[in-house]
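Novice: Before we start, here is the structure in question, set down as structure tokens.
The values are calculated or read from the model by the stated rules, or taken from the named source; none is laboratory data. These numbers were taken from a predicted model, which means no experiment stands behind them. Cβ placement follows ideal geometry from the backbone for every residue including glycine, while neighbour counts extend to all protein chains displayed.
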Amino acid sequence: MSSPPNSTWSSPNGLHSLESILHSLTPHWPNGPYPWQLQATVKILDCQKLLVVAACGEGKTALAYLHLLVIQELLMKPQLPNYGLDFQCDWM
């Protein structure tokens, strides 16, 4: 499913979709990702380069996998909006 023109994962709708997808995929994670993890994930999904600096135990490893969970879900459920996600980003 396509998204409205010029819509990105960083848009309010994109962020809401990301939260919904991750909530459905990680029910055992009651509070979900931290806000900074969501903001970093939308940047990754929008094919923006990103450097994350965080202390031990703050969620860097989870962040490394969040976008992969979303991509997997989009591939399995093409009816979900993809917000222009290019599966061939130059960083992939």
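Novice: For the structure I just gave you, tell me whether Tyr83 is in contact with a helix residue (DSSP H, G or I) (Cβ under 6 Å, 6 or more places away or on another chain) and of a type in the set (Ser, Thr, Tyr).
Specialist: yes
Novice: Given the conditions (1) surrounded by 13 or more Cβ atoms within 10 Å (Cβ to Cβ); (2) charged (D, E, K, R); (3) in contact (Cβ under 8 Å) with a residue 40 or more places away in the chain, which single one is not true for Glu58?
Specialist: Answer for Glu58: the failing condition is (3).
Novice: Moving on to the next point. Out of Leu85, Leu80, which single residue is surrounded by 15 or more Cβ atoms within 10 Å (Cβ to Cβ), at pLDDT below 90, in a loop (DSSP other than H, G, I, E, B) and among the hydrophobic types (A, V, I, L, M, F, W, C)?
Specialist: Leu85
Novice: Of the numbered conditions (1) of a type in the set (S, T, N, Q); (2) under 15 Å from Leu80 (Cβ atoms); (3) assigned to a helix (DSSP H, G or I), Ser7 satisfies every one except a single condition; which is it?
Specialist: Checking Ser7 against (1) of a type in the set (S, T, N, Q); (2) under 15 Å from Leu80 (Cβ atoms); (3) assigned to a helix (DSSP H, G or I), the one that fails is (3).
Novice: Another question, if that's okay. State which residue pairs qualify: first residue touching a residue at least 40 places away in the same chain (Cβ under 8 Å) and inside the stretch 8-31, second residue part of a helix (DSSP H, G or I) and among the polar types (S, T, N, Q) in any location, beta carbons under 9 Å apart, and separation of 6 or more residues or different chains.
Specialist: Trp9/Ser17; Trp9/Thr41; Leu18/Thr41; Leu22/Thr41; Leu25/Gln72
Novice: So in the stretch 26-43, with the set limited to residues that are surrounded by 19 or more Cβ atoms within 10 Å (Cβ to Cβ) and among the aliphatic types (A, V, I, L, M), which one is nearest to Trp9 (Cα to Cα)?
Specialist: Applying the filter and picking the extreme gives Val42.
Novice: List, please: which pairs have Cβ atoms under 9 Å, are six or more places apart or on different chains, and start with a residue in the stretch 33-52 that is over 20 Å from Glu73 (Cβ atoms) and end with one that is aliphatic (A, V, I, L, M) and assigned to a loop (DSSP other than H, G, I, E, B)?
Specialist: Short answer, once both residue conditions are applied: Trp36/Val52; Trp36/Ala54.
Novice: Now a separate question. May I ask you to list the residues in the stretch 31-63 that are over 25 Å from Ser7 (Cβ atoms) and not β-branched (Val, Ile, Thr)?
Specialist: If the condition is that a residue be over 25 Å from Ser7 (Cβ atoms) and not β-branched (Val, Ile, Thr), then Asn31, Leu51, Ala54, Ala55, Cys56, Gly57, Glu58, Gly59, Lys60, Ala62 are the ones that fit.
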